[in-house]
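Chemist: Got a structure for you, questions after.
The values are calculated or read from the model by the stated rules, or taken from the named source; none is laboratory data. Note that the coordinates shown come from a computational prediction; the quantities given were computed from them, not determined experimentally. Glycine gets a Cβ as well: all are built from the backbone with ideal geometry, and neighbour counts include every protein chain shown. SASA here: full protein model, heavy atoms, side chains in, ligands and nucleic acids out. Shrake-Rupley method; radii C 1.70, N 1.55, O 1.52, S 1.80 Å.
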Amino acid sequence: MHAIIVLGGERMTSLCAPLPEKALVIAADRGWDNALALGLSPAVPDGVELHRSPAVKDETDAQLAIRCAVSRGADSLTLVGRIAGRADHTLSLIFLLESLKKHGIAAEIVDDINRIRLFSNEAFALRRAGFKYFGLLSLGRSTVSASSCKYPLGRPELVRDNPYATSNEITGDAAYIEVSGDGVLLIESDRLA
C-alpha cells in the first residue's frame, strides 16, 4: 500500500509530480492545511488521517507520520513538503529517505519544483515526464553511469564531498542511469534555477 504524508511548512497548492489516486493520506502537524490546499480531502478513496502529536517530543512530525503509515501497512511513501524551507527540516527528510531504503520502503520527497529519490545498486530509465533537469549526489562512494543526457557520466566514482553531478538535463524521452555503491540521491526538477 502507498501512503502520502503531507507535512507542514509553507503552503503549496500544486506539486511537480502526480500523486497516486489510491493511497492512505496522513497529514502531519500543519500538513492538514497543505492537504486541503492540494485537494486531498476525505473524498480520497482511503481517507485522510490527521496525525496528532505533542509539541515537545523526541521525534519529528515526519518520523511519527512515517511510523503511523508503516504500522497501517504502507510499503511505499510520498513525503509532500516544501524542500527549500528550513535547511534542518530538508536535511532530516533526506536522511529519512536513507533510513527508509535500508528498511525496504520505497520513498520520495515531492514539492512544487522537485522530486528526490534514493537509488543504490540498480539501473533505471529516468523518464522526462514532468522533469527536464536532474542531479545525482552520492551518499558516500558510488559509481554512476548516465547516458542520453547533456552531461553523460561514464562510470566515475562520485563522492559525497565532491558533488559535481548536478544540473544535468535529459536530452530525449529518458536518461539511462546505473548506480552501484553507497547510493545516490536523484534530484529531479522542472526548472533550471
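Chemist: Looking at ALA65, ALA37, ALA123 in this structure, which one is at pLDDT 80 or above and either surrounded by 20 or more Cβ atoms within 10 Å (Cβ to Cβ) or among the basic types (Lys, Arg) (or both)? First the steps, then the outcome.
Modeler: Values: ALA37 fails: either surrounded by 20 or more Cβ atoms within 10 Å (Cβ to Cβ) or among the basic types (Lys, Arg) (or both); ALA123 fails: either surrounded by 20 or more Cβ atoms within 10 Å (Cβ to Cβ) or among the basic types (Lys, Arg) (or both).
After ruling out the rest, the residue left standing is ALA65.
Chemist: Given (1) open to solvent by 10 Å² or more (accessible area, probe 1.4 Å); (2) without any contact (Cβ under 8 Å) to a residue 40 or more places away in the chain; (3) under 14 Å from the mean Cα position of the chain (by Cα), where does TYR151 come up short, assuming only one miss?
Modeler: (3)
Chemist: Could you grab the pairs with beta carbons closer than 6 Å, sequence gap of 6+ or different chains, first residue in the stretch 2-30 and more than 19 Å from GLU188 (Cα to Cα) and acidic (Asp, Glu), second one in a loop (DSSP other than H, G, I, E, B) and open to solvent by less than 40 Å² (accessible area, probe 1.4 Å)?
Modeler: ASP29/GLY8
Chemist: Still on this structure, I have one more. Any chance the stretch 110-118 includes a residue that's within 15 Å of the chain's Cα centre (by Cα), among the basic types (Lys, Arg) and in a strand (DSSP E or B)?
Modeler: The first filter runs over the stretch 110-118 and keeps only residues within 15 Å of the chain's Cα centre (by Cα), leaving 110-118.
From the residues that got through so far, the ones that are among the basic types (Lys, Arg) too are 115, 117.
Within this subset, residues satisfying the condition of being in a strand (DSSP E or B) are 115, 117.
There is at least one residue in the stretch 110-118 that is within 15 Å of the chain's Cα centre (by Cα), among the basic types (Lys, Arg) and in a strand (DSSP E or B).
Chemist: Okay, moving on. Just name the residue that is nearest to SER189 (Cα to Cα) out of those in the stretch 108-118 that are in contact (Cβ under 8 Å) with a residue 40 or more places away in the chain and surrounded by 20 or more Cβ atoms within 10 Å (Cβ to Cβ).
Modeler: ASN114
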